[in-house]
Amino acid sequence: MTDRRHTLDDLASTLGLSANTVSRALRGKDGVGDATRQRVLDEAARIGYSTPRAGATAPHGDSVALCVPSLTHPFASEVAAAIETGVRAAGCTLEIFATNEDPAQEEQIAEQLLSSRPGGVITIPVHAESTCWQRVSEAGTPVVAVSRELDGDEGDFIGVDSGHGTYVATRHLLGDGADSILYLDEELAIGTIAARRQGFERAMAGATSHARIRMIPTRRYENAGSQWRAQEGYRACLDALSGGDNFDAVLCGDDFFALGAMRALAENGRRVPEDVRVVGYGDLPFAEWLTPSLTSVALPVRLIGELAVANVLQRIGGSVSAPSRRLIRAELVVRSSSS
């Protein structure tokens, strides 16, 4: 029989508990009953589970690992550039890994880092419930989550206040007289997308205008090439137009979707902004060069990268302060497409 190291997930599954509960029980954290804690400790002893892992090498304090969904995605590539600058300025080395939004690949990367033991890890996790980063943290390597927050309260997090971004964008359209807003975003179970939609719905609550929501099936698993997804916004907007939807504004969760939507509107004789106002999200470099120029939510990407580096270096240096959670607000850049 193959000898396989037991993981936190194995222990949680055997006991019928969440990974977060098991982790808290093992480390003596509050919020776990005495009986449950004893069950966890007894089972951990039975299967030989230990944390940090026995025989692990000491962390390499002069190295940082960065794990992102894709180096071709604009947000990930820009935040990676900011992190690389900060890490190298601190005299540390940087290793970069890409998960391609694949939980199994993320697990493999985490296992590799459990063996190589970098001084710290900065990650954009695949999902909030990615427990592999919890194991890395338990092994003594500080983990800072960026953009997408992990479940539980064990690690540091720095991200964009995505809900506020779409809230402000929606209120801008409503204030400019939009009667019916078509909302286009990606259908993917990650916190930033959920927050964007919640911000939109919060802004629409109580408004006399109509909301029309279309979630676009994700193509992120097909991302061996560039993240060129304008065609998805194009198709979604065409579907809305052909389906008889009447709208005078489009709010997109991605500038690429907005780019495609503007093409679909032009092909159907809808002028931007005279007939339909359009707002994107991300403020990518091409936004100001379109005709008309694209109103978009500008994300504080470089600031987030710099804060992530400062945070992980503090942890590597021995900081034992409580886990921090920081949401940085985005800024709406108003251009011709919406005014």
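Of the residues in region 35-58, not one is closer than 29 Å to THR218 by Cβ, modelled with pLDDT under 75 and in a loop (DSSP other than H, G, I, E, B).
So that you can scan it fast, the table gives a plain yes or no per residue for (1) touching a residue at least 24 places away in the same chain (Cβ under 8 Å); (2) open to solvent by 40 Å² or more (accessible area, probe 1.4 Å):
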| site | (1), (2) |
| --- | --- |
| ARG263 | yes, yes |
| VAL272 | yes, no |
| LEU294 | yes, no |
| GLY305 | yes, no |
| ALA308 | yes, no |
| LEU313 | yes, yes |
| GLY318 | no, yes |
| ALA330 | yes, no |
| SER338 | yes, no |
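Among the residues of region 87-100, is there at least one that is assigned to a helix (DSSP H, G or I), more than 16 Å from the chain's Cα centre (by Cα), modelled with pLDDT of 90 or more and over 25 Å from VAL301 (Cβ atoms)? Looking for residues that are assigned to a helix (DSSP H, G or I), more than 16 Å from the chain's Cα centre (by Cα), modelled with pLDDT of 90 or more and over 25 Å from VAL301 (Cβ atoms), one finds none in region 87-100, hence no. Does GLU267 satisfy the criteria of being modelled with pLDDT of 95 or more, more than 21 Å from LEU182 (Cα to Cα) and acidic (Asp, Glu)? So GLU267 fails the test.
Residues that are in contact (Cβ under 8 Å) with a residue 40 or more places away in the chain and over 16 Å from ARG229 (Cα atoms) were ranked within region 280-290; the one that is surrounded by the fewest Cβ atoms within 10 Å (Cβ to Cβ) is GLU288.
Within the set ASP254, ASP245, the sole residue that is closer than 25 Å to GLY163 by Cβ, buried (at least 24 other Cβ atoms within 10 Å of the Cβ) and in contact (Cβ under 8 Å) with a residue 24 or more places away in the chain turns out to be ASP254.
With a requirement of 1 or more residues that are touching a Pro at 6+ places or on another chain (Cβ under 7 Å), the strands (runs of 3 or more DSSP E) lying completely within region 140-218 that satisfy it span 143-146, 156-160, 180-187.
Taking PRO323 as the residue in question, decide whether it is in contact with a strand residue (DSSP E or B) (Cβ under 7 Å, 6 or more places away or on another chain), open to solvent by 40 Å² or more (accessible area, probe 1.4 Å) and assigned to a loop (DSSP other than H, G, I, E, B). Criteria met by PRO323. Selection of region 179-207 for residues being open to solvent by less than 40 Å² (accessible area, probe 1.4 Å) and either at pLDDT 95 or above or of a type in the set (Phe, Trp, Tyr) (or both) yields SER180, ILE181, LEU182, TYR183, LEU184, ASP185, ALA195, ARG196, GLY199, PHE200, ALA203, MET204.
The values are calculated or read from the model by the stated rules, or taken from the named source; none is laboratory data. Quantities reported herein were computed from a predicted structural model and do not represent experimental measurements. Every residue, glycine among them, receives a Cβ derived from its backbone with ideal geometry; neighbour counts consider all protein chains shown. In case anyone asks, the SASA skips ligands and DNA or RNA and just uses the protein heavy atoms, side chains included. Shrake-Rupley method; radii C 1.70, N 1.55, O 1.52, S 1.80 Å.
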